[in-house]
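The values are calculated or read from the model by the stated rules, or taken from the named source; none is laboratory data. This structure is a prediction, so every number in the text was calculated from the model and none was measured. All Cβ positions, glycine included, derive from the backbone under ideal geometry; neighbour counts span all protein chains shown. Calculation scope for accessible area: heavy atoms of the full protein, side chains included, ligands and nucleic acids excluded. Shrake-Rupley method; radii C 1.70, N 1.55, O 1.52, S 1.80 Å.
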Amino acid sequence: MEKLVRERLSLARGIRTVLLALVLCAQACFGFSVAGQQESTCEANGSIYYVGEWYFLDSDHCTQCECTAEGSVCARTECTSLPAACIHVSHYPTDCCPRCEKIGCEYRGVVYELGQNFQPSECEQCTCDSDGIARCLVADCAPPPCVNPVYQPGKCCPECKEGPNCYVDASRSQVIPAGEPIWVDSCTKCRCHDGQDAGYWEGNRLATCSRLRNCKPEQPPTQQN
């Protein structure tokens, strides 16, 4: 009889041990307490998150949270600065930070690739530098040695197709070629400035003239009827 009692007591202890092990396993493996209630959870974005889960807030894609036993712990992501050479930025609804879609230079409404050389006009040579800034050199044209320069297509500086020349006087009604002095009438001899003259092509671009004393210009003969 005594042996039977001891066997029953030993069986009871074994059953209690198994039940305790099952309870501990339920707590550790399935997140349930002894009373059958679920451990701490976090509610956000209309969803339930368990301890240890990470999620982003639907209302702010830059804020990421972790569900802990004490509740949600959140931190906001700081966006890094976009490259200085970014010329096309996109901001997608599901992204926290804007994206740089294209890097280059924008000059007068036109986009150029990094390192690209371009000529926006006949007088400009430009390069799209790595910092996204277009740097240009502008041609410095010397004053043309004529009073009737011509601009040729594709060329920056004007050219003197008829060669160097100047006006005879302030009336600007007569043009003479540069070089040797020229008699503009029977009493007046004029000469254009050249490269050796002081003040070359500065001022009003008029010739230097000398007139014979007591000279009357010859008049063209009148036509006889």
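For region 177-214, enumerate the residues that are at pLDDT 85 or above and under 10 Å from V147 (Cβ atoms).
At the first step, the residues of region 177-214 found to be at pLDDT 85 or above are 177-192, 206-214.
Within region 177-214, C192, L206 qualify.
Would it be correct to say that C128 is crowded, with 16+ Cβ neighbours inside 10 Å and in the same structural domain as T208 (by the TED database)? Even if it seems obvious, please write down each step before you answer.
Values: crowded, with 16+ Cβ neighbours inside 10 Å: yes; in the same structural domain as T208 (by the TED database): no.
No: the conditions fail for C128.
Residue-wise test of (1) part of a strand (DSSP E or B); (2) surrounded by 12 or more Cβ atoms within 10 Å (Cβ to Cβ); (3) under 32 Å from the mean Cα position of the chain (by Cα).
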site: F56; (1), (2), (3): yes, yes, no
site: C62; (1), (2), (3): yes, yes, yes
site: C67; (1), (2), (3): yes, yes, no
site: S72; (1), (2), (3): yes, yes, no
site: T80; (1), (2), (3): no, no, yes
site: Y92; (1), (2), (3): no, no, yes
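For region 94-131, which positions are more than 30 Å from C156 (Cα to Cα) and either small (G, A, S) or part of a loop (DSSP other than H, G, I, E, B) (or both)?
T94, D95, C96, C97, P98
Looking at region 42-58, I want the residues that are at pLDDT 90 or above and have a partner that is assigned to a loop (DSSP other than H, G, I, E, B) and open to solvent by 50 Å² or more (accessible area, probe 1.4 Å) with Cβ atoms under 7 Å, at least 6 apart or on another chain. Which pairs are those?
Partner pairs satisfying both residue conditions: V51/E39; V51/S40; V51/A69.
Specify the residue that is farthest from the chain's Cα centre (by Cα); the eligible residues are those in region 163-194 that are part of a strand (DSSP E or B) and exposed (fewer than 14 other Cβ atoms within 10 Å of the Cβ).
Ranking the qualifying residues of region 163-194, first place goes to W183.
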